[in-house]
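Student: My questions all concern the structure below.
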Amino acid sequence: MAAELTVEYCGVEYPLAGDRVFTIGREADLVVDADNAYLHRRLVEISHVDGLWWVTNIGSRLSLTVSGDAGTLHALVGPGARVPVVLPSIALLFTAGQTTYEVTVCCDAPEFSAVVPPQAEDENDLTLGGVTLTSSQFLLVLALSEVVLRRVGTGPSDVPTNAQAAERLGWPLTKFNRKLDNVCDKFDRAGVKGLRGGRGNNATQRRGRLVEYAVTARLVRPEHLPLLEDGERAS
């Protein structure tokens, strides 16, 4: 008998049985945003195949980030790719235009349990995911992720523009743009996909991907948010 899944979005739960194929998108079983033309009509498909539940990206251009609790899993799922649901709870994040969406998927009989890694002893350690950031670079990532981190529960949230994030930090836009390029370059060299600039990857997509990675990998967390106020006073 297949494990039962529950998909949750904005406080509404959708229970899934083993014989059901469930889609997420602009015109799907779960409509996350009917008015966002940047969002695929159907981006995500959840189905039970070969004894496992699978999350499949059925879109043509948008990527999907899948993460486990406390950073226990992080996967970038491109168009046509899929990942199995093997943990008690996973989050699906995807960005379309200026908006990032988060959907939670819970499994009542997971193949594995999540083991929460210990917190670093030094809370001021800025070595994130194998990438060492300066204090100002960390604040930049935190400012871009602020809306997502402050959101209660799952749902949509707008990623700030460069100008909005620069204003939040009290920086000139040229300073923000330069530091954003440096941050994206560092993570790109460390193997994080979707952060390289240039053709086919515009500024909005790059910001959204940076926020998805930083939040799902728990590089920035809600308890870091007071640092924005300290950084604003120091700027």
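Read-outs: derived from the displayed coordinates by stated rules, not from any lab. This structure is a prediction, so every number in the text was calculated from the model and none was measured. Positions of Cβ are generated from backbone atoms using ideal geometry, with glycine treated the same way; all protein chains shown enter the neighbour counts.
Student: Round to the nearest 0.05 the FRET efficiency obtained for Arg150 and Arg189 when R0 = 30 Å and r is the Cβ-Cβ distance. Don't skip to the end; give the middle numbers.
Tutor: Details: r = 30 Å, r/R0 = 1.00.
E(calc), rounded to 0.05, equals 0.50.
Student: Per 0.36 nm of contour for each residue apart, how much would the distance between Thr132 and Ser60 grow if the chain were fully extended, relative to their Cα-Cα spacing? The partial results should precede the final answer.
Tutor: On the way: separation 72, 0.36 × 72 = 25.92 nm, distance 3.36 nm.
Full-extension gain reported as 22.6 nm.
Student: Calculate, in whole percent, how much of the Cα-Cα pair population of the range 132-194 lies beyond 17 Å. Present the calculation step by step, with values, prior to reporting the outcome.
Tutor: On the way: 862 of 1953 pairs.
Pairs farther apart than 17 Å: 44 percent.
Student: Under a plain spin-label model, where a point goes 7 Å from the Cα along Cα-to-Cβ, how far apart in nm are Arg41 and Thr174?
Tutor: Placing both labels 7 Å beyond Cα along the Cβ direction yields 4.7 nm.
Student: Which percent of Cα-Cα pairs in the range 5-107 sits in each 5 Å bin, short to long?
Tutor: 3, 13, 26, 28, 20, 8, 2, 0
Student: What ranking do Ser47, Ser135, Ser60, Ser145 get, fewest neighbouring Cβ atoms within 10 angstrom at the top?
Tutor: Values: Ser47 17, Ser135 12, Ser60 9, Ser145 28.
Exposure proxy ranking, most exposed first: Ser60, Ser135, Ser47, Ser145.
Student: Can you pull the one-decimal nm distance between simple spin-label points at Ala163 and Thr6, each 7 Å off the Cα toward Cβ?
Tutor: 4.4 nm
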